[in-house]
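Please read the structure below before turning to the comments.
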Amino acid sequence: MVTPSFASNGVVIFQWFFWGYSLAFAPTANNGFIGNLTHFGLINVLGNPAPATPLIPELVFSFFQMEFACVTAVILMGGIAERGRVLPAVVLIFLWTTIVYCPLAYWVWGANGWAMKWGVLDFAGKSSISNEARYTG
């Protein structure tokens with residue numbers, strides 16, 4: 001279980017650095033369903049204030065949110081670990097983080113996500129972390 005967990009963390013960190021953060025938290029996207037690639041490769045993230053509060057840098061906020069993505073992937077990997085091989089599971093985690101986690105995180109936590117605009121509050125990650133991993137696993 002340790003090796004698949006570390007492998008899923010590595011894949012999610014790679015995905016989050018290149019386009020995951022931008023798909024989940026792009027402030028310029030306005031479609032309500034998924035972010036755009038304005039922060040591809042964490043471009044223009046270092047000097048900006050975080051979307052949630054101007055007291056911390058956006059880079060720190062990005063790493064904090066990356067840990068939520070990693071934990072969600074490890075929960076999903078726990079359902080796969082003893083039933084399948086590691087390499088196909090890691091590919092699944094990569095695709096799942098891009099196709100499922102990032103849009104749902106944008107809906108709930110993104111500034112222009114449709115759930116955020118409707119007033120959905122998700123303080124502890126119940127809808128965007130626990131339910132995603134539970135229903136997928």
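I'm trying to understand the selection: among the residues of the stretch 59-74, which are of a type in the set (A, V, I, L, M, F, W, C) and either open to solvent by less than 50 Å² (accessible area, probe 1.4 Å) or more than 21 Å from Leu23 (Cα to Cα) (or both)? I'd like the intermediate steps shown before the answer.
Residues of the stretch 59-74 of a type in the set (A, V, I, L, M, F, W, C): 59-61, 63-64, 66, 68-71, 73-74.
Across the stretch 59-74, the qualifying residues are Leu59, Phe61, Met66, Ala69, Cys70, Ala73, Val74.
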Filtering the stretch 24-39 down to residues that are within 9 Å of Gly110 (Cα to Cα) and touching a Pro at 6+ places or on another chain (Cβ under 7 Å) yields Phe25, Pro27, Ile34
Restricting to the stretch 75-85, give me the number of residues that are open to solvent by 60 Å² or more (accessible area, probe 1.4 Å) and among the aliphatic types (A, V, I, L, M). 1
Scope the stretch 45-58; condition over 11 Å from Ser22 (Cα atoms) and part of a loop (DSSP other than H, G, I, E, B); matching residues: Leu46, Gly47, Asn48, Ala50, Pro51, Ala52, Thr53, Pro54, Leu55, Ile56
Of the residues Ala111, Ala29, Ala89, which is open to solvent by less than 70 Å² (accessible area, probe 1.4 Å), assigned to a helix (DSSP H, G or I) and in contact (Cβ under 8 Å) with a residue 40 or more places away in the chain? Ala89
Among the residues listed as Leu37, Leu59, Leu23, Leu42, the single one being at pLDDT 90 or above, hydrophobic (A, V, I, L, M, F, W, C) and touching a Phe, Trp or Tyr at 6+ places or on another chain (Cβ under 9 Å): Leu23
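Quick one: would you say Gly84 is farther than 15 Å from Thr97 by Cβ and part of a helix (DSSP H, G or I)? Give the derivation first.
Values: farther than 15 Å from Thr97 by Cβ: yes; part of a helix (DSSP H, G or I): no.
The answer is no for Gly84.
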Which numbered condition Glu82 misses (of (1) more than 14 Å from the chain's Cα centre (by Cα); (2) without any contact (Cβ under 8 Å) to a residue 60 or more places away in the chain): (2)
Restricting the stretch 41-57 to residues that are under 28 Å from Val90 (Cβ atoms) and more than 14 Å from the chain's Cα centre (by Cα), which is surrounded by the fewest Cβ atoms within 10 Å (Cβ to Cβ)? Ile43
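The values are calculated or read from the model by the stated rules, or taken from the named source; none is laboratory data. Source: prediction; values computed, not measured. In this analysis, Cβ positions are derived from the backbone assuming ideal geometry, glycine residues included, and neighbour counts consider all displayed protein chains. Note: areas computed on protein heavy atoms with side chains; ligands, DNA, RNA excluded. Shrake-Rupley method; radii C 1.70, N 1.55, O 1.52, S 1.80 Å.
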